[in-house]
1. Quick check on my filter: what residues within the range 182-231 are more than 20 Å from the chain's Cα centre (by Cα) and among the basic types (Lys, Arg)?
2. Does the range 66-85 contain any residue that is of a type outside the set (Lys, Arg), more than 22 Å from residue 242 (Cα to Cα), within 14 Å of ligand 2 (Cβ to nearest atom) and assigned to a loop (DSSP other than H, G, I, E, B)?
3. What number of residues within the range 225-242 satisfy the criterion of being under 18 Å from residue 211 (Cβ atoms), touching a residue at least 12 places away in the same chain (Cβ under 8 Å) and loosely packed, with under 15 Cβ neighbours inside 10 Å?
4. Within the range 196-220, work out how many residues are more than 15 Å from ligand 2 (Cβ to nearest atom) and surrounded by fewer than 19 Cβ atoms within 10 Å (Cβ to Cβ).
5. Can you list the strands (runs of 3 or more DSSP E) found entirely within the range 94-182 that contain at least 3 residues being within 13 Å of ligand 2 (Cβ to nearest atom), in contact (Cβ under 8 Å) with a residue 12 or more places away in the chain and touching a strand residue (DSSP E or B) at 6+ places or on another chain (Cβ under 6 Å)?
6. What number goes with the only condition from (1) out of contact with any helix residue (DSSP H, G or I) (no Cβ under 8 Å at 6 or more places or on another chain); (2) among the acidic types (Asp, Glu); (3) more than 15 Å from ligand 1 (Cβ to nearest atom) that residue 146 does not pass?
7. Just a yes or no: is a residue in the range 116-139 away from ligand 1 (no atom under 16 Å from the Cβ), of a type outside the set (Ser, Thr, Tyr) and at pLDDT 95 or above?
Amino acid sequence: MPNKFSKYICQNCGSETSQYFGRCMNCKEWNSIIEEKKGQIPQNSFNNESSISKEFHDIQIKALKRINSGFKEFDRVLGGGFVHGSIVLLGGEPGIGKSTLILQSAAKISLLEKVLYVTAEESLEQIKIRWERLNQKSSHLKILAENNLFNIINEIQRLKPTLTIIDSIQAINNEEMESSSGSVSQVRSCSSELQNFAKKNNIALLIIGHVTKDGSLAGPKTLEHLVDVVLNFEGDHIASRRLLRGIKNRYGATLELGVFEMRENGLNEVNNPNSSFTNNENIAGVATTITLEGTRSFAVDIQALVNKSFYPNPKRTTTGISLNRVHQILAVIEKHIKIQLSSYDCYLATAGGFEINDPSSDLAIAISIISSLYNQIPIRNCAFIGELGLNGQVRQINLIDSKIDESIRLGFEQIIIPKVKNDKLNNIKNIKIIKVNNIQEAINIALKN
Ligand code: TYD
Ligand code: MG
């Protein structure tokens, strides 16, 4: 019998129903749904000042005060630093370097502000060992090894820091709840208690959460709509490059990207990251694109390996590129270039595992695939920009001027782009601009070697 004061939450994927089911309809996990009691709404709740509606001219805007994170790349993604009293969620796969980044940043912030670092996963000794490895200076940085929610809130109350870090939310436990730490209900209840306390006391709160791509650690994902800023720390575990990506930001531009490198002594900023995902090599199977991330363009090599398949279903794997996008591009090549790709395996990867979301990288993906298939080297020193339409046309893209500027800055001699009406492009002298209508034209020019 559904209870109107209860909701039922899947501990695996976080989906919510009004009734108990033995199996989650969303993620199909068995016995993952548990009941969560809703608070009853008071009948005559008292209206305080903040619960009275106002007109725009009565609303006062306070200037945003920010706390510099100590890293230019981090500040860029935050929109200039942590805003006082804001809630930031930092997600990423276990072991990617979240604790390392935040400990380094906390140390730098603590030279000017009071910082509390709550470690619920590691002991004080473990943090000290990491600390010595990172060779940092700090001043007002306090470490608390604790996983009980109420002890943590008591310590925040006692210390009144400017910034509190929770590492990680999955390890914190609210003893009033029956579920175990890390479950969706625990993650939600602990973070809402912490958020309410932090907002009331104007304390900036940074919540670290482990999130995996396959969704097996999805708890912190369910907090994304509640917090002010959502950041994701990503990269290839084997490569040293790490990317800090802004997913949501109530105080700055989203989709900004910060670039770091993991070394033996911690994370270092990459000062000129724009060209750090290209090797400038001219070999078969590699094509370079210029992708726009936030306000910055990056040159990224796309590598393809196309081999005769020995499987009944050809293998297609990707790193840094959406598999669906690749399936679509392969279908366009099959149909419009008349190449039978169904008997070939196709492996695609971006340099350094750079996660590409910009559709203008389609053309470089297609060129790299055909270049590998025919073992033909693309024309020298060329960047490829354009979205592939389903009918084989190369479609117009946004902000073409800034991508051309970036290719010139990075020393490309030529660039293949969609046919656009843009008079400004006629005056560009430092690069040869080749305009194409469709994929066939692009291949004829790119692989004429
Ligand atoms: P960590 O910050 O513990 O990851 P997370 O908090 O996201 O789980 O990072 C752990 C990895 O980083 C570990 O594999 C070792 C590596 N590392 C370095 O390469 N250099 C360093 O200076 C540190 C502290 C860690
Ligand atoms: Mg950690």
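The values are calculated or read from the model by the stated rules, or taken from the named source; none is laboratory data. Everything quoted here is computed from the prediction, not taken from an experiment. For neighbour counting, all protein chains shown are included, and Cβ atoms are generated from backbone atoms with ideal geometry for every residue, glycine included.
1. 188, 199, 200
2. No, there is no match, as no residue in the range 66-85 is of a type outside the set (Lys, Arg), more than 22 Å from residue 242 (Cα to Cα), within 14 Å of ligand 2 (Cβ to nearest atom) and assigned to a loop (DSSP other than H, G, I, E, B).
3. Just the residues of the range 225-242 that are under 18 Å from residue 211 (Cβ atoms), to begin with: 225-237, 242.
Checking which are touching a residue at least 12 places away in the same chain (Cβ under 8 Å) leaves us with 226-237, 242.
Checking the rest, the ones that are also loosely packed, with under 15 Cβ neighbours inside 10 Å come to 226, 237.
Total meeting the criteria: 2.
4. Total meeting the criteria: 10.
5. Working: elements: 115-119, 141-145, 163-167.
Ranges flagged: 115-119, 163-167.
6. (1)
7. yes
This table checks each residue for (1) out of contact with any Phe, Trp or Tyr (no Cβ under 7 Å at 6 or more places or on another chain); (2) surrounded by 15 or more Cβ atoms within 10 Å (Cβ to Cβ); (3) in contact (Cβ under 8 Å) with a residue 24 or more places away in the chain.
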residue: 384; (1), (2), (3): yes, yes, yes
residue: 387; (1), (2), (3): yes, yes, yes
residue: 402; (1), (2), (3): yes, no, yes
residue: 416; (1), (2), (3): no, yes, yes
residue: 429; (1), (2), (3): yes, no, no
residue: 432; (1), (2), (3): yes, no, no
residue: 445; (1), (2), (3): yes, yes, yes
